[in-house]
Amino acid sequence: MKNRTAGRGVPALDAAARAAVVHAPGLCARAAALLADVERRPGTHGYDSVCVALRVALPEVDDHKRLRWCREYWRARYRSWVEHRLLENLSGPDLRRFVADRVAVEGREHLDAALDAREPVVVFTPHFGSFLVATLRVAFEACGRKQLFLFYDPPELNRYSPTMRGIFDRMAVGAESVWNSRAGLVKVSKGLARGGVLGLMPDVSRWEPSAIFVPLFGRFEVFMAGTAFFALRFKARLLPLYCRPVGPGRFRLEVDPPLAVAGDGPTVDALFETTAAIARNMETHIRRDPEQWIYWPRFGSQTERAVSLPKDPEGWEAAVTSLRERFQSRSPALASLLACLERQLAEAAALSESRQESA
């Protein structure tokens with residue numbers, strides 16, 4: 001978990017909090033929500049950015065509901081800290097009992113069909129709700145049925161990765177944690193070729209040549225294309241997962257039907273269409289429970305505030321030009337792609353004019 005919340009600055013307090021979450025997790029979750037109300041109020045750090053993001057993404061929502069969602073967003077983040085500390089401190093047997101007894105699965109038929117099929121599977125969950133609990137439950141279900149591989153950024157990119165890896169290793173259900181590196185790619189590729197399962201989080205974004213823009217809440221947002229790539233490259237079943245807390249120490253894991261995978265391989269068009277389908281699926285769930293998505297503070301920061309999805313050819317030309325100029329120095333590969341799109345738009349416009357004149 002990347003958000004900064006209570007208890008991380010003072011070692012003694014942090015140690016006490018870790019002990020408390022094991023013995024009284026419900027009480028700690030309620031205390032965390034109260035602390036969120038105190039520390040995250042209008043005008044405080046992070047609060048206003050979430051409200052602005054919600055206004056940009058959901059302009060049809062009234063201010064009263066938006067403020068309630070903003071308050072619930074911070075409560076959920078503070079409760080998530082308690083949840084993660086609890087999972088970090090449970091023993092292997094206790095972890096297995098936790099996910100077996102406290103996580104109800106909806107859409108089990110989709111999960112069972114994927115784990116029992118011969119074809120490989122790519123499961124994804126965004127940073128939404130209790131995403132760690134979701135992945136733990138999938139690891140529990142996959143044990144003895146399919147080899148599960150979990151991708152993590154190396155510690156230099158995400159300091160929490162070794163902790164996450166330790167939780168799954170301690171759970172001892174056969175899930176293999178892999179660093180996002182060349183060696184990791186080779187290992188995952190071999191595993192999928194044998195019909196294994198890969199778990200990914202598609203809303204992790206960095207400025208890399210593989211990053212692409214797809215529509216999300218009526219805007220261009222940056223997504224990594226890795227989830228779509230593996231599904232397309234290995235003709236894998238693409239399965240969405242969303243886990244929500246439904247009470248003190250209780251969770252509901254929703255497994256959606258598999259998403260259609262576009263095309264016969266990882267072409268540029270297929271990568272875009274599949275990644276866009278992932279984003280649409282995410283948006284459906286986030287609209288239902290917007291307070292559960294942790295990335296609201298950075299929503300829209302990848303693009304200019306003025307850039308939204310155009311509805312006419314002239315709008316597309318202006319939007320693409322704006323993006324290319326903005327990211328020319330930060331991402332030459334992206335700027336080159338956008339320049340190519342500009343040329344294609346111009347060619348399409350010229351062809352359309354020619355046909356109209358001929359008619």
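Values in this text are rule-based calculations from the coordinates and carry no lab data. Owing to the predicted nature of the structure, the values given are computational and were not obtained by experimental measurement. We place every Cβ from the backbone using ideal geometry, glycine too, and count neighbours over all the protein chains shown.
Rounded to whole numbers, the Karplus 3J(HN,Hα) couplings from phi for segment 60-70 are 7, 7, 6, 4, 4, 5, 5, 5, 5, 5, 4 Hz, using 6.51 cos²θ - 1.76 cosθ + 1.60 with θ = phi - 60°, and x at Gly and Pro.
Semi-axis lengths, largest first, of the ellipsoid equivalent to segment 95-294 are 23, 20, 17 Å, with √(5λ) applied to each eigenvalue of the Cα gyration tensor. Under the simplified labelling scheme, the Ala100-Glu39 pair shows an inter-label distance of 3.5 nm, with each label point 7 Å from Cα along Cα→Cβ.
Within a straight-line Cα-Cα reach of under 14 Å, Lys146 can be paired with the following aspartates and glutamates, leaving aside sequence neighbours fewer than 8 residues apart in one chain: Asp112, Asp116, Glu119, Glu176. FRET efficiency for the Glu357 to Ala318 pair, using the beta carbon distance and R₀ = 35 Å, is estimated at 0.90.
Residues whose amide H falls under 5 Å from that of Ser130, counting only those 5 or more places apart or on a different chain, are Cys243, Arg244, with hydrogens built in the peptide plane. Near Gln147, the amide H atoms lying under 5 Å from its own belong to Val197; only residues 5 or more places off or on other chains count, and H is placed 1.01 Å from N.
Gain on full extension, evaluated as 0.36 nm per residue between Asn158 and Arg118 minus their Cα-Cα distance, stands at 11.1 nm.
For segment 38-80, what class follows from the C-alpha gyration tensor (a ≥ b ≥ c being the square roots of its eigenvalues): rounded when a/c is under 1.5, otherwise prolate if a/b is larger than b/c, else oblate? Prolate shape, in that a/c is at least 1.5 and a/b is the bigger ratio.
Highest mean packing comes first when the peptides 349-357, 289-297 are listed by Cβ atoms within 10 Å, giving 289-297, 349-357.
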